[in-house]
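Enquirer: Pasting a structure below so you can have a look.
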Amino acid sequence: MANIHIPKTWEIPEREVTPETAFINRRRFLKSLAGAGLGIAGGSMLGCTSESESQIDPNLMQFESVDRNPAFAKVDRPITDEVLAAKYNNFYEFGGSKSIWEAAQALPTENWKVEVLGLVRNPRTYDLDDFKKKFPLEERVYRFRCVEAWAMVVPWLGFPMKRIIDDVEPTSEARYVRFISYYNRNITKGPGLSLSRLPWPYTEGLRTDEMANELAFFAIGIYGHELPKQHGAPIREVVPWKYGFKGAKSIVKIEFLNHQPKTFWNTLQPSEYGFEANVEPDVPHPRWSQATERMIGHGPSFMWDRRDTLLYNGYAEYVAHLYDR
Ligand code: MTE
């Protein structure tokens, strides 16, 4: 991880889980299957882990009595093993490889505040307790598709973005929204000089009507417990019909605007990372066909389960009306 080279084309490099990690993960996974009565199919593997300890960090706070929204209870494929998802991440503030989970533990999440401002009637600054008290929490199982053509299925815990819209009341000029991730160049600088020259802080954006869509979600938890730092603690965006880079992690600011904001990857390479970035299997990325995807798994990536990619990542019934295709 020390000598990360970010290629000039600004590709997001694809790395494989190291054999050692894969081995440890495999042992834990097998153990978890045994605990679940080997019930991969049906409800048992889909069951929320909230009564059990997190497999990745027993200190993560468990959410008790948060119900899974029946409309998003399961998808056409099994939930990804928690340990695999937690050790195969993109979080460039902490390095350019997929193995940043240890480095990400430096993220300071105490007394977290999220400022919501710009073209709104009621600008607000929330802390995490505000979110938990003001907005009913729910769990949603969503497909997740990275533009690098790997995919997973994750049970997120949080609340629809619409709740914030209703609370702050954007004005009629507020056509776009920008999400800004935490950045402190002494902490989140990545391991190499090349990473420190990227256009920090990480920012992403949506149209306001996309943010108001029923699917758009703020996650404060995953697998029944609070978000581990590598997944973007304490709060991140989840927009499952778009490529994963649209989901900014560790959000500190949300700004309503009258113009399309500049965003991190789009600034680096607009021809590769469009602002809209919907999952469209018939629109190839210059370096990755988007027709199929691989579910992250054990062992080398060429052995992972390959699936056809679905238009809007399988969420066309919710979002197709938002776009002209
Ligand atoms: N958010 C921030 N702040 N920094 C990042 O590097 N990477 C994005 C997105 N959000 C990123 C980010 C990309 S490219 C992906 S695919 C997802 O986070 C990965 O989320 P995960 O690591 O929780 O699977």
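No lab work stands behind these numbers, since they all come straight from the coordinates. None of the values given here were measured: they were computed from a predicted structure. Using ideal geometry, Cβ is built from the backbone for each residue, glycine included, and neighbour counts are taken over all protein chains shown.
Enquirer: Which FRET efficiency, nearest 0.05, do GLU173 and GLU102 yield, Cβ-Cβ r, R0 41 Å?
Expert: It comes out at approximately 0.40.
Enquirer: Let's see if you can work this out: charge +1 on each Lys and Arg Cβ, -1 on each Asp and Glu Cβ, no other charges. What is the dipole magnitude of region 14-323 about its Cα centre, in debye to the nearest 20?
Expert: With Lys and Arg at +1 and Asp and Glu at -1, about 580 debye.
Enquirer: What is the extension gain from ASP308 to ASN69, computed as 0.36 nm multiplied by their sequence separation minus the C-alpha to C-alpha distance, in nm to one decimal?
Expert: 83.5 nm
Enquirer: Find the Rg to Rh ratio for region 115-178, where Rh is the Kirkwood radius over alpha-carbon pairs and Rg uses the same atoms.
Expert: 1.07
Enquirer: Rounded to whole Å, give me the distance from the Cα center of region 234-301 to that of region 115-134.
Expert: 25
Enquirer: Hey, another quick one. From the alpha carbon gyration tensor of region 214-325, can you work out the equivalent ellipsoid semi-axes (sqrt of 5 times each eigenvalue) and give them in Å, largest to smallest?
Expert: Working through the eigenvalues yields semi-axes of 23, 21, 15 Å.
Enquirer: Using packing as a proxy for protection, rank 70-76, 236-242 so that the peptide with the highest average count of other Cβ atoms within 10 Å comes first.
Expert: Taking the mean over residues of other Cβ atoms within 10 Å, the ranking is 236-242, 70-76.
Enquirer: Over region 14-323, what lengths in whole Å, largest first, do the semi-axes of the equivalent ellipsoid take, defined as the square roots of 5 times the eigenvalues of the alpha-carbon gyration tensor?
Expert: Working through the eigenvalues yields semi-axes of 28, 22, 21 Å.
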